[in-house]
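The values are calculated or read from the model by the stated rules, or taken from the named source; none is laboratory data. All of these numbers come straight from a predicted model, not from anything done at the bench. All Cβ positions, glycine included, derive from the backbone under ideal geometry; neighbour counts span all protein chains shown. Areas reflect the complete protein model, heavy atoms only, side chains present, ligands, DNA and RNA absent. Shrake-Rupley method; radii C 1.70, N 1.55, O 1.52, S 1.80 Å.
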Amino acid sequence: MLKLHVLASGSKGNAAIVENAATGAGMLIDCGICKRDFLERCDEAGFDPARIDAMLITHEHGDHTKGLGVVLRGLAKLGCAPTVYVNQACIDASSALQKVAGDCAILPLSSGQRAIEAAGLRAFPFATSHDAAASFGFRIEAPDGDALGYITDSGIV
Ligand SMILES: [Zn+2]
């Protein structure tokens, strides 16, 4: 079963965790909030931040990426080093992403690629319409067949 924890949503910052309820591990989608807010909202959601297994970046806009570096450094102190999945065009267009690229494991993300496997879940990226260098939504599946779709900042459907 999946649990969706929306930590923040809106122009001031976006971040959400998709949790594998069977294991307590999860994927973080976007990180446009500061470390303090991230940790506080994980606590409120009853999610252990050290169980973040991967970070998926929908697109490079600051309200989705500006907290990435500080949150990654905070997670490192908890012994947690998630792989970051992001499209190369987004890295090229974002100094925030370029700054973290040297400090963590980054793997490419693109529409139609094979599933991203992390936290015991499978995430399938698909392209969305938005005024970003590249922009993606995700279908995320749990082993028991539970699934959800996550889309943010969609322009034209
Ligand atoms: Zn945006």
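Note on Thr23 and Ala89: their simple-model spin labels are 3.1 nm apart, each label 7 Å out from Cα toward Cβ. Each residue of the range 69-74 was assigned a 3J(HN,Hα) from its phi angle through the Karplus curve 6.51 cos²θ - 1.76 cosθ + 1.60 (θ = phi - 60°); the sequence is x, 5, 5, 4, 5, x Hz, with glycine and proline shown as x. With helices as the sole contributors, the chain gives -6000 deg cm²/dmol at 222 nm; each DSSP H run of n ≥ 4 counts as -39500 (n - 2.57), and the sum is divided by every residue.
Here the contact order of the chain, divided by its residue count and restricted to Cα pairs under 8 Å and six or more residues apart, works out to 19 percent.
Using the Cα centre as the reference, give the magnitude of the dipole from point charges on the C-beta atoms of the range 1-50 (Lys, Arg: +1; Asp, Glu: -1; all else neutral), rounded to the nearest 20 debye. That gives a dipole near 120 debye.
Residues Lys99, Lys12, ordered by accessible area of protein heavy atoms at a 1.4 angstrom probe radius and largest first, appear as Lys12, Lys99. Rounded to the nearest 20 debye, the dipole size of the chain about its Cα centre is 280 debye, using +1 on the Cβ of Lys and Arg and -1 on the Cβ of Asp and Glu. Summarising the label geometry, the points placed 7 Å from Cα in the beta-carbon direction at Glu117 and Arg73 lie 3.4 nm from one another. Excluding same-chain neighbours fewer than eight residues apart, the aspartates and glutamates reachable from Lys35 by a Cα-Cα span under 15 Å are Asp43, Glu44, Asp48, Asp63. Selection among Cys42, Cys31, Gln98 by position relative to the dipole of the range 2-150 gives Gln98 as farthest towards the positive end (Cβ unit charges, Cα centre).
Ordered by 1.4 Å accessible area with all protein chains kept, Glu40, Glu60, Glu117, Glu141 run largest first as Glu117, Glu40, Glu141, Glu60.
Quick one: of the DSSP bridges fully inside the range 2-150, what percent are antiparallel, nearest 5? Restricted to the range 2-150, the bridges split so that about 70 percent are antiparallel.
Subtracting the Cα-Cα distance of Gln98 and Cys80 from 0.36 nm times their residue separation leaves 4.4 nm of extension gain.
What number comes out for the charge environment of Phe136, summing +1 per Lys or Arg and -1 per Asp or Glu over other residues with Cβ under 12 Å away? Taking every Cβ under 12 Å from that of Phe136, the sum is -2.
Taking 0.36 nm per residue of sequence separation and removing the Cα-Cα distance, the Met1/Ala50 pair yields an extension gain of 15.7 nm. With a Förster radius of 25 Å applied to the beta-carbon distance between Arg139 and Ala105, the computed FRET efficiency rounds to 0.60. Going by accessible surface with a 1.4 Å probe and the largest first, Ile116, Ile106 read Ile106, Ile116.
Using only the Cα atoms of the range 6-107, build the gyration tensor, take square roots of its eigenvalues as a ≥ b ≥ c, and label the shape rounded, prolate or oblate: rounded if a/c is under 1.5, else prolate if a/b is larger than b/c, else oblate. Cα axes put the range 6-107 in the prolate bin.
Placing unit charges on the Cβ atoms of the charged side chains and taking the dipole of the chain about its Cα centre, the candidate lying farthest along the positive direction among Ile116, Gly155, Leu4 is Ile116. Once you reduce the range 17-71 and the range 94-138 to the center of their Cα atoms, the two points are 14 Å from each other. Can you tally the net charge around Cys80? Count Lys and Arg as +1, Asp and Glu as -1, for every other residue whose Cβ sits under 12 Å from the Cβ of Cys80. Residues close to Cys80 contribute a combined charge of +1.
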